[in-house]
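Only the coordinates and a few stated rules stand behind these numbers; no lab work does. Predicted model only: the values in this text are computed from it and were never measured. All Cβ positions, glycine included, derive from the backbone under ideal geometry; neighbour counts span all protein chains shown.
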Amino acid sequence: MVCYDGTDAAKKALQLSLEHAESFKSDIVVVAILEGSTQEQLNNLDKLELLLADAKLLLSHNTVKVETKLLPENNLNTGENLVMFARENNVKEIIIGIKKRSKVGKFFTGSTAQFVILHAECPVTTTY
């Protein structure tokens, strides 16, 4: 499973997921999360669907099967949604792009990647 939001780090995560999928002869599930209120989610739906289509296109020239999933935020935060999706779908590895932050920055803003790393029941690989 690769978490994708269109950032440079996420694009690197896509590339790494392709390398791992080819090595381990597995499929890729590209996941994006709809965040915010119901109205914000509706406003961002088209944007995220295009983002996932872009991710699928970036991986399309390969023999690996690519599936995309758009997850609603519901009452959980992004990290919780990613961990829950991985658990429910028996994901074998999570690949996530990260931004370098100072320790103070992580303390004040929290970190989706940190939550996923600490709570996932499978290996988590990060790239930046």
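Could you figure out which of (1) assigned to a helix (DSSP H, G or I); (2) surrounded by fewer than 17 Cβ atoms within 10 Å (Cβ to Cβ) isn't true of LEU14?
(2)
Scan LEU42, LEU70, LEU16, LEU76 and give me the residue that is farther than 23 Å from HIS119 by Cβ and not basic (Lys, Arg).
Sole residue among the options that is farther than 23 Å from HIS119 by Cβ and not basic (Lys, Arg): LEU42.
When you scan the stretch 25-128 for helices (runs of 4 or more DSSP H) that lie fully inside it, which ones turn up with 2 or more residues that are surrounded by 15 or more Cβ atoms within 10 Å (Cβ to Cβ)?
Result: 38-59, 78-88, 112-119.
Here is a check on your reading of the model: is LEU57 closer than 23 Å to GLU121 by Cβ and free of Cβ contacts under 8 Å to residues at least 12 places away in the same chain?
So LEU57 does not fit the description; no.
Taking SER17 as the residue in question, decide whether it is small (Gly, Ala, Ser) and over 16 Å from the mean Cα position of the chain (by Cα).
Judged against the criteria, SER17 is not a match.
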